[in-house]
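Contents: one structure, followed by commentary.
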């Protein structure tokens, strides 16, 4: 009964390839996020969707494209992968944020290695 | 200047001892504060929210000092399982729930 799940857990691919990561939450939350954690361990937000609508879009290369087919799912597609994209990507979710800031719950992460 | 700053540690703590550490935040308008813990190669997990009056959850006590813009975490009677990186997290005001994460403070509890 994983609350926030991500697939795949590990992803090893070559430069120039296109890959997708999927995320699903069964917490009934309205808001979902993608974070990147690099080798220096900083967690940086990339995107956020609130009930399928994009609400946060940080300075991320447009090779990264999120898609939210419904409020329980948030996928991340990455085109033309580069070495610098190697990192751990975490999905998270929280209750509706319009009335404040709530705790976020994280998925187990996808460890992406670009060779 | 980083939005949330933490001493990276490591804090080496004998089992059973008390350890405390702080983080500072830059935006005085922030209203929501959390401590998360992250084990090696795992996801961050919410440890506790931090309330204005300070709050306790078992062996963990969190304090907020708005005037000086810092948050503290104290762990009493440390267990080996408390070894982890503790992330200080602060909301970015008016930003649709955006959270700013510190880089973490590593705690190592030794037998």
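Every number in this text was worked out from the coordinates using simple rules, so none of it is lab data. None of these values were measured; they are calculated from a predicted model. Because the Cβ atoms are built from the backbone with ideal geometry, glycine has one as well, and the counts that use them run over all protein chains shown.
Summary table
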{"item": "Taking B:70, A:49 and counting other C-beta atoms within 10 Å, the order from fewest to most", "result": "B:70, A:49"}
{"item": "Other protein chain Cβ atoms within 10 Å, averaged over every residue that makes up A:29-42", "result": "2"}
{"item": "Relative contact order of chain A, defined on C-alpha pairs under 8 angstrom at six or more residues apart (%)", "result": "36"}
{"item": "Rounded to 5, the percent of DSSP beta bridges in chain A classed as antiparallel", "result": "90"}
{"item": "Alpha carbon centroid spacing (whole Å) that separates the range A:7-64 from the range B:84-99", "result": "17"}
{"item": "Label-to-label distance, nm, for residues given as residue B:26 and residue B:5 (7 Å Cα→Cβ offset)", "result": "1.0"}
{"item": "The range A:21-83, relative contact order [Cα under 8 Å, separation at least 6], %", "result": "34"}
{"item": "Residues B:71, A:56 arranged by fewest to most Cβ contacts within 10 Å", "result": "A:56, B:71"}
